[in-house]
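Report on one structure; see the data block that follows.
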Amino acid sequence: MKTDNNRTLEYAVNDVPPAGHLFVLSLQHVMLMFVSVALPIIFTSQIGESNEFAARLVSLSMIAAGIGSIIQSVGLPFIGSGYLCPNVCGPSYFSLSLSAAWMGGMPLMRGMIIVAGLVEMALAPVVQKLKSVFPRFIVGLVVAMVGISIINMAVNSLFGIEYKDDAVRSPDIVIGMVSLMIMVLCNIWGKGWVKVYCLLIGMVAGWIFACVLQPEYFYLLTVLDEKPLLAVPAIGTDLFNVSVDMSLMVPFVIISISGSLKSFGNLLAAQKISEPDRETVDFVPIKKGLLADGFSTVLSGVLGGMAVDTSSSNVGLAGSTKVLSRWLSVVAGILFIILAFCPKLTVALTLMPKPVLGASFIFAGCYMICTGFLELFKDEWDQRKTFVVGIALMFGLSTAFLPDLYARTPHLVKIFFTDPLPTTTILAVILHQVLNLDKRFADLTGSRGTG
């Protein structure tokens, strides 16, 4: 435990907080992780399955995410980054998982998720060979894009929007803004544990305020009367009923690469905030982290849950509160697994008002964006970097601003222009290599002349 001039309590990556604080700090992360539980519920409604199926899918996805969070952070010799970087249900895989389920039911979806996880595991060793293509300014750009990539979800949630055509209500905006300001002010003006628990305080206060301002949020909790406190999720008799479809192989490989880049950015961000004095990237824990992320996705497919992925929001929360202990992710993973067997508590957390969740995402994303930009401009700037960053950002952000445009582009373009984070990363790496060809040629000819 460390103390700065403002007496702000802080835990480094290998510190173990006292048991009580470890539990509450981990619970803060669990509440942020819970937003991903909405994905299995939406998935169930899209394929027309029952409430029992939804409960099972949620529980199995939570178990996979919980195990993945533990493996990612506990510090095993050959797998896991050892940073605070928990797993959640991955939104990147949602659309393709839905297509697979429509085509061949759950066996096909499970099989393709397993394939995606194996692809990421195969890509993990390649990371160590990428040191030359990720200079500091590109690392900063990737970290910033991790925060930028959640803007769409964060702002929509703060305005209370769940589906595209939902109406925006003034009370929801007020709830979101009040929740956000409570989190921010507790973080800036709070002392001791008020600062450390700023997100949890904002979430609870925002939820209470929402129930007072919009009583419907309180009435939604009446559904808890119908839910059992404890229940064992049934894996079922179809554990080994898995299939693959070659027509889906290319799309799933592409989305796996995209997901790997997202996790790569999350792990880079986790390393940056955990080891702020590090001058260069240590790719060994990044490789082990990607291996753990791929394994977790495979495990999710085997169990019959939805694909899991590392959580940008939780990394941002760790940075903003300066509580970086990897043991928070381990305990959060354990709590996530326990909650998978507690339907009443699981449903209660999924009923948290959307504006409060949106405020949480914005709060966490701010740190990621600003940390990335600070790293981006730390070294001496030149014209090459201007065009590498500028062009990559222009086209990367355009995938979020102009999705309808890219929907009409040729298939080859769609492969690379899918989402701000992977698109910006790929373009920045390529442009950095191309715009520095003259330097490499000069170095090559100079070394030959010297020889």
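Table for the structure above
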{"item": "Anchor K191: aspartates and glutamates whose Cα lies under 19 Å away (excluding residues fewer than 8 positions away in-chain)", "result": "D4, E10"}
{"item": "Span-like helix ranges in the chain, DSSP H, alpha carbon extent 27 angstrom or more, Kyte mean at least 1.0", "result": "51-74, 94-123, 170-189, 249-274, 283-303, 354-376"}
{"item": "Dipole-positive endmost among Y217, S329, V298 within the chain (Cβ charges, Cα centre)", "result": "S329"}
{"item": "Ranking of H411, H432 by count of other Cβ atoms within 10 Å, fewest first", "result": "H411, H432"}
{"item": "Estimated FRET transfer efficiency (V174, S398; beta-carbon r; R0 30 Å; 0.05)", "result": "0.40"}
{"item": "Size of charge dipole - region 380-451 - debye, nearest 20, with Cβ of Lys, Arg +1 and Asp, Glu -1, no other charges", "result": "180"}
{"item": "Extension reserve of the V212-E162 stretch, reckoned as 0.36 nm per residue once the Cα distance is removed", "result": "15.9 nm"}
{"item": "Given charges at beta-carbon only (K, R positive; D, E negative), |dipole| of the chain in Debye", "result": "800"}
{"item": "Test item: Cα-centred dipole of region 323-403, Lys/Arg +1 and Asp/Glu -1 on Cβ, debye", "result": "340"}
{"item": "Long-range tail of P(r) for the chain (Cα pairs > 31 Å, %)", "result": "40"}
{"item": "Packing-based exposure ordering (other Cβ within 10 Å, fewest first) of D404, D245", "result": "D404, D245"}
{"item": "Nitroxide proxy distance, nm - points 7 Å out along Cα→Cβ at I41 and L437", "result": "5.3"}
{"item": "Shape category assigned to region 380-451 from the gyration tensor of Cα positions, a/c cut at 1.5", "result": "prolate"}
{"item": "Simple spin-label estimate for T222 and K378 in nanometres, 7 Å along Cα-Cβ", "result": "5.5"}
{"item": "5 angstrom amide H check on N87, placed H, neighbours 5+ away", "result": "S69"}
{"item": "Charge-dipole axis of the chain as Lys and Arg at +1 and Asp and Glu at -1 on Cβ define it, positive-most pick from G48, I426, G259", "result": "I426"}
{"item": "Net charge over other residues, Cβ less than 10 angstrom from the Cβ of G259 (K, R count +1; D, E count -1)", "result": "-3"}
{"item": "Cα-projected label distance for E275 with D245, points at 7 Å along beta-carbon direction, nm", "result": "4.4"}
{"item": "Exposed chymotrypsin sites (Phe, Trp or Tyr not before Pro) absent: longest stretch of the chain, with sites in DSSP loops and at most 11 other Cβ within 10 Å deemed exposed", "result": "241-451"}
{"item": "Qualifying trypsin sites (Lys or Arg not before Pro) for region 154-254 [loop in DSSP, other Cβ within 10 Å: at most 12]", "result": "K164, K191"}
{"item": "Fewest-first ranking of C186, C366, using other Cβ atoms within 10 Å as the exposure measure", "result": "C366, C186"}
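Values in this text are rule-based calculations from the coordinates and carry no lab data. Not measured: the values here are computed from a predicted model. All Cβ positions, even for glycine, are placed from backbone atoms using ideal geometry, and neighbour counts span all protein chains on display.
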